[in-house]
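Okay, structure first, notes after.
The values are calculated or read from the model by the stated rules, or taken from the named source; none is laboratory data. Only a predicted model underlies this, so the values are computations on that prediction, with no experimental measurement involved. Each accessible area value is taken on the protein alone, full model and side chains, heavy atoms only, with ligands, DNA and RNA left out. Shrake-Rupley method; radii C 1.70, N 1.55, O 1.52, S 1.80 Å.
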Amino acid sequence: MLRCFIPGRVQGVGFRVTVRQLACGYEVTGTVRNLPDGRVELIAEGAQAELAAFLTGIAESDLSGFIAKKHETWQPAQGNLRGFAIMH
């Protein structure tokens, strides 16, 4: 499981919607949500190579200009995610 906190100007720019759309091109499940401190939290499960490709896809998308940096942590998958959802 990948948990990624993404700071920058990532709220109010369609970031979550774009991440969800990008996820459709990869074999990943997960969630993306805004945090009260202005960051976005991305949680995703899938094969490690697929998750790495997904992160690269985000970094190479139109979103790249909004991302200041990202903080990734990798943990064992829990297997309880279905689809890819925007959380509110």
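Scaled to the compact-protein estimate 2.2 N^0.38 Å, what is the alpha-carbon radius of gyration of the chain, rounded to two decimal places?
Relative to the 2.2 N^0.38 Å estimate, the chain comes out at 0.97.
Share of the chain's accessible area from carbon and sulfur, percent, 1.4 Å?
The computed percentage sits at 50.
Sum -39500 (n - 2.57) across every DSSP H segment of at least 4 residues in the chain, then divide by the residue count to get the 222 nm mean residue ellipticity, nearest 500.
Value at 222 nm, helices only: -7000 deg cm²/dmol.
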